[in-house]
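Student: Sharing a structure with you now.
None of the figures in this text is laboratory data; all of them are computed from the coordinates on show. What you are looking at is a predicted structure, and each value in this text was computed from that prediction instead of being measured. Cβ: placed from backbone, ideal geometry, glycine included. Neighbour counts: every protein chain shown.
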Amino acid sequence: MMLPPSPLDKAAARAKYGPWAVIAGASDGTGEGFARELAAMGINLVLSSRRREVLKALGEELAAAHGIEYRVLVQDLMVAGAGQAIIDATADLDVGLYVSNAGADAVGRGFLDESVERWHGMITMNVTNVVDTCYHFGRKMRERGGGGLLIMSSGSALGGIPFLSMYSSTKAFEGNFCEGLWAELKPHNIDVLCVLAPLMDTPCYRRNTEGTGFLMDPSMAWDPFVVSRGSLDWLPHGPLLIYPNSPSDPDRSAEMVERRERVEAVMALGNSFNEPAET
Ligand SMILES: NC(=O)c1ccc[n+]([C@@H]2O[C@H](COP(=O)([O-])OP(=O)(O)OC[C@H]3O[C@@H](n4cnc5c(N)ncnc54)[C@H](OP(=O)(O)O)[C@@H]3O)[C@@H](O)[C@H]2O)c1
């Protein structure tokens with residue numbers, strides 16, 4: 001795996017991404033990994049997902065280990081208004097980092113074989129909530145002079161995938177959205193990173209593939225905690241972090257650089273419209 005240009009300095013990270021971070025989908029997998037890493041930096045946490053007891057146990061453990069404060073928010077992210085519920089529950093906090101982690105889907109369901117309501121739930125989780133929360137926290141971070149937005153997407157964002165049509169489409173939204181936002185928010189000292197995550201051995205992935213013909217080859221899958229740590233290290237170096245499909249695959253720095261250069265070129269072109277014409 002490629003190394004970030006410089007490792008994340010914990011004190012600097014606490015100053016920029018603290019005093020509070022909000023993690024949507026914090027109870028296991030990469031979400032739990034983000035919570036553990038951020039707590040070790042001394043950043044207070046809002047832990048959100050559907051399972052109160054799991055979040056509470058994690059919060060208690062991290063508070064005892066690192067002396068942080070935590071708050072639990074039980075919220076189903078597929079329900080309309082979920083983004084607003086996160087905004088309301090954190091209105092009194094100074095939030096320096098928002099992490100959109102939850103967003104996976106069961107493997108192998110055709111577009112026509114699920115209810116359209118469920119697909120709308122996925123759009124709520126991976127599109128509407130991301131827009132609502134990034135708009136809200138982005139504006140607050142612009143006022144306070146800095147912060148970070150970290151969105152967990154997927155390698156499936158790079159192209160349409162049969163039987164994951166809606167999933168890969170919503171993940172592509174996250175990638176494009178973050179690329180534009182990265183350039184827009186950079187002058188305001190706000191780091192935006194979209195992680196195109198690889199196959200990871202998460203509880204969700206295990207549940208989704210159990211009893212299916214989709215076999216997990218352990219050598220192919222990443223450890224989710226390794227991905228959380230790597231993603232935080234890359235947070236100041238957006239807009240995209242594209243993981244190799246498996247830990248033994250070559251790094252994808254070239255693709256990442258190419259995508260970033262395209263965004264920078266478009267940004268420069270856009271800026272030229274605002275420059276006074278030479279007379
Ligand atoms: N695992 C992979 O192989 C893989 C590959 C590529 C990309 N990704 C991306 O990486 C991220 C993490 O994936 P993951 O495999 O850990 O699965 P995930 O289901 O997206 O994330 C797990 C976390 O999200 C919470 N969550 C799930 N559905 C929720 C809902 N409807 N409302 C509120 N919280 C919800 C879970 O807690 P509760 O159960 O307590 O609600 C848990 O804390 C996702 O964005 C996914 O798209 C994963």
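Student: For the chain, what is the relative contact order in percent, using Cα pairs closer than 8 Å and at least 6 residues apart in sequence? Mind showing how you got there, number by number?
Tutor: On the way: 501 pairs, mean separation 53.3, N = 279.
Value for the chain: 19 percent.
Student: Now, a different point. Would you work out the charge dipole size for the stretch 10-274 about its Cα centre, treating the Cβ of every Lys and Arg as +1 and the Cβ of every Asp and Glu as -1, and quote it to the nearest 20 debye?
Tutor: Result for the stretch 10-274 is approximately 460 debye, rounded to the nearest 20.
Student: Put +1 on the Cβ of each Lys and Arg and -1 on the Cβ of each Asp and Glu in the stretch 10-274; which of Met200, Trp20, Pro250 then has its Cα farthest toward the positive end of the dipole?
Tutor: The listed residue farthest towards the positive side: Trp20.
Student: Here's another thing I want to ask about it. Provide the net charge surrounding Trp119, with neighbours chosen by a C-beta distance below 12 Å and charges set as Lys +1, Arg +1, Asp -1, Glu -1.
Tutor: Net of charged neighbours comes to -2.
Student: What does DSSP give for the stretch 10-274 in terms of the percent of beta bridges that are antiparallel, rounded to the nearest 5?
Tutor: Counting only bridges with both partners in the stretch 10-274, antiparallel ones make up about 0 percent.
Student: Listing Leu55, Leu93, Leu196 from the residue with the fewest other Cβ atoms within 10 Å to the one with the most, what is the order? Write down the numbers at each step before the final one.
Tutor: On the way: Leu55 27, Leu93 16, Leu196 23.
Taking fewest neighbouring Cβ atoms as first place, the list is Leu93, Leu196, Leu55.
Student: Still on this structure, I have one more. Under a crude label model (7 Å from the Cα following the beta-carbon direction), how far is Arg52 from Ile123 in nanometres?
Tutor: Result for the modelled spin labels: 3.2 nm.
Student: To continue, here is another question. When the helices in the chain are scored as -39500 (n - 2.57) per DSSP H run of 4 or longer and the sum is shared across all residues, what 222 nm value do you end up with, to the nearest 500 deg cm²/dmol?
Tutor: That comes out to -14500 deg cm²/dmol.
Student: Further, regarding this structure: Among all the aspartates and glutamates, which ones have a C-alpha under 16 Å from Lys186's C-alpha, if same-chain residues fewer than 8 places away are not counted?
Tutor: Within reach: Glu143, Glu261, Glu264.
Student: While we're looking at this one, here's another question. So who's got an amide H within less than 5 Å of the one on Arg71, skipping anything under 5 residues away but keeping other chains? H placed 1.01 Å off N, in plane.
Tutor: Leu45, Val46, Leu47
Student: Just want the answer: with Cβ charges of +1 for Lys and Arg and -1 for Asp and Glu, which residue in Ala40, Thr212, Pro224 is farthest toward the dipole's positive end in the chain?
Tutor: Towards the positive end, the residue furthest out is Ala40.
Student: Give me Tyr70, Tyr205 sorted ascending by neighbouring Cβ count inside 10 Å, so fewest comes first. If you can, show how the numbers build up before the last one.
Tutor: Numbers: Tyr70 21, Tyr205 18.
Ascending number of Cβ neighbours within 10 Å: Tyr205, Tyr70.
Student: From the alpha carbon gyration tensor of the chain, can you work out the equivalent ellipsoid semi-axes (sqrt of 5 times each eigenvalue) and give them in Å, largest to smallest?
Tutor: 27, 24, 20
Student: For a quick check: sort Val226, Val263, Val46, Val257 by the number of other beta carbons within 10 angstrom, fewest at the front.
Tutor: Ranked by crowding around the Cβ, least crowded first: Val257, Val226, Val263, Val46.
Student: Isolated Cys in the chain by the 4.7 Å beta carbon test?
Tutor: Cys134, Cys204
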